[in-house]
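Every number in this text was worked out from the coordinates using simple rules, so none of it is lab data. It should be emphasised that the depicted structure is a prediction, and the values quoted were computed from it without experimental measurement. All Cβ positions, glycine included, derive from the backbone under ideal geometry; neighbour counts span all protein chains shown.
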Amino acid sequence: MIVTRFAPSPTGYMHIGNLRTALYSYLISKHDDGRFILRIEDTDRERLVEGATDIIKSTLRITGLNYDEGPDVGGEHGPYVQSERKDIYMEYAKKLVDMGKAYYCFCSKERLEKLHEEDATGGYDRHCRNLSAEEVKKNLDAGVPFVIRQKMPTDGITTYTDSVFGEISMNNSELQDQILIKADGYPTYNFCHVIDDHLMAVTHVVRGSEYLTSTPKYVLLYDAYGWERPVYVHLPLIMGRNDDGTISKLSKRHGAVSFQDLVADGYLPEAVINYLALLGWCPKNSETEFFTLDELKSVFTIDGVSKSPSVFDYEKLLWFNGEYIHMLPFDAFVDKVTPFIKLDIPADINKDKMLGLLHTRISKLSEINDKMAFFISQPDYTKELFLNKKNKIADFEIVKSVLTEALSVIRNLEAFDNDSLFAALTPIAEKLAIKVGAVMWCIRIAVSGMIATPGGATEIMEVIGKKESIARIEAAIAKLQ
Ligand code: GLU
């Protein structure tokens, strides 16, 4: 059975790169009905941010990346928060010491600093690697602070094969005797993630490519214990496009980089997930780019993951999001867009009709306010807006005639729905010997004050109601005098 995990450090918001890692990790296990684990890596106590774990959990819940084991869900391999597993790491580190593959290091901070001053790149000189058992015992009994280091091989080559990037090798002579347990008793990431992945029976380690070149160190730990190495799946970097066309690591200056910010800006979680799935992975023989999470589970395979950096394309995400919004059933759209509405909607406005017109015309929910503003209060406009070659409206006289006729029709109209309005207003065309399109053009400009509008003249009037329609047409006629 395939077991994967998502192992974030709770250091703040949920970066979309992290969310992509969670998604790919989830999909790789779920493709084969495997298990997906959430593990919180909080041993770097200085970088912890309060509330960050809740953000991680809520993001996974909202996006549907449900974990089979994890904090608050439980499971047979818990606890799933590393700070609650401190004793386990110490036990395993000591085990490695007993096996002769790790050692206590009592070097003082001053000694290490001096070493560094003498040779900044030389690293630790393995001073404590061969202390006698008596010396170690004496120091431990005396309570001398210590770290535990791994005895790295000093020659030869360590190699592993990454599923995406291929073979990765490192000369052992370049390796430091890495610290497994720090002086504060907490394990290093290098150590505890390996222990956890092994104890949690993780078969596939899926994570960002920043870990690609340090992984030889991690496989040496598996080897030291005699454990089977996991399959490694390192994911390509996510880049952003700079103003000058170059690319660099995705950061805030490229746009929103956290899932929370995207959602707050009116992106739908399903659209973000769909877009992220394609950011570094390509479906095979697929005619569509649209995938629900369930569909992704069945089509996602590791061999579709690319090793070249992926450039985050905000335009494409926006397009995806628009498509997802347009596909929503109307009621669901209303539910989702309502919290974004900041403007007061007057009682005369037919809100459902208005949202109906806007449903297929917005690409993210936060656009709703700009798009609906003209229904609520008409923007100022110049009369030149009425002139239009295509509709053969070359002077203001014709506009004035259309609007005057329209006004008298509308004043006598009882039913004020789109169909009734259209039926009542079209005869003006024949009367003035112009096209229906020209009539509607004039009325639409008068009731909206804009060239491009969601919906036609009669639809807009249905939304704003009779009183407001009359007021706007009267104001237009006054403008033309
Ligand atoms: N806590 C590490 C991170 O957030 C996890 C890396 C890994 O998946 O092993 O980058």
Percentage relative contact order, the chain, counting C-alpha pairs under 8 Å, at least six apart: 12 percent
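If you take the Cα Rg of segment 1-159 and divide it by 2.2 N^0.38 Å, with N the number of residues, what do you get?
Normalised Rg, Cα atoms only: 1.34.
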For T154, T288, order by how many other beta-carbon atoms lie within 10 Å, fewest first: T288, T154
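How charged is the neighbourhood of N172? Take every other residue with its Cβ under 12 Å from the Cβ of N172, and add Lys/Arg as +1 and Asp/Glu as -1.
-2
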Relative contact order, percent, segment 367-444 [alpha-carbon distance under 8 Å, six or more residues apart]: 30 percent
Normalised contact order of segment 1-152, rounded percent, pairs of Cα under 8 Å and 6 or more residues apart: 20 percent
The chain - convex hull of the alpha-carbon atoms, volume per residue in Å³: 202 Å³
Sorted by Cβ neighbour density within 10 Å, fewest at the top, the residues L23, L413, L343: L343, L413, L23
Descending principal axes extents, segment 338-382, alpha-carbon based, whole Å: 29, 24, 18
Hydrodynamic radius (Kirkwood) for segment 188-305, which is based on Cα pairs only, to one decimal in Å: 17.0 Å
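Among the GluC sites (Glu not before Pro) within segment 8-72, which fall in a DSSP loop and have no more than 15 other Cβ atoms within 10 Å of their own Cβ?
E50
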Separation of alpha-carbon centers, segment 337-353 and segment 403-461, rounded to whole Å: 23 Å
Counted charge near M372, where neighbours are those whose Cβ lies closer than 12 Å (Asp, Glu -1; Lys, Arg +1): +2
Sum of -39500 (n - 2.57) over DSSP H runs of 4+, divided by residues of the chain (222 nm, nearest 500): -13000 deg cm²/dmol
Alpha-carbon centroids, segment 256-289 and segment 142-197: separation in whole Å: 35 Å
Cysteines (scope the chain) whose Cβ has no counterpart Cys Cβ under 4.7 Å: C107, C192, C282, C442
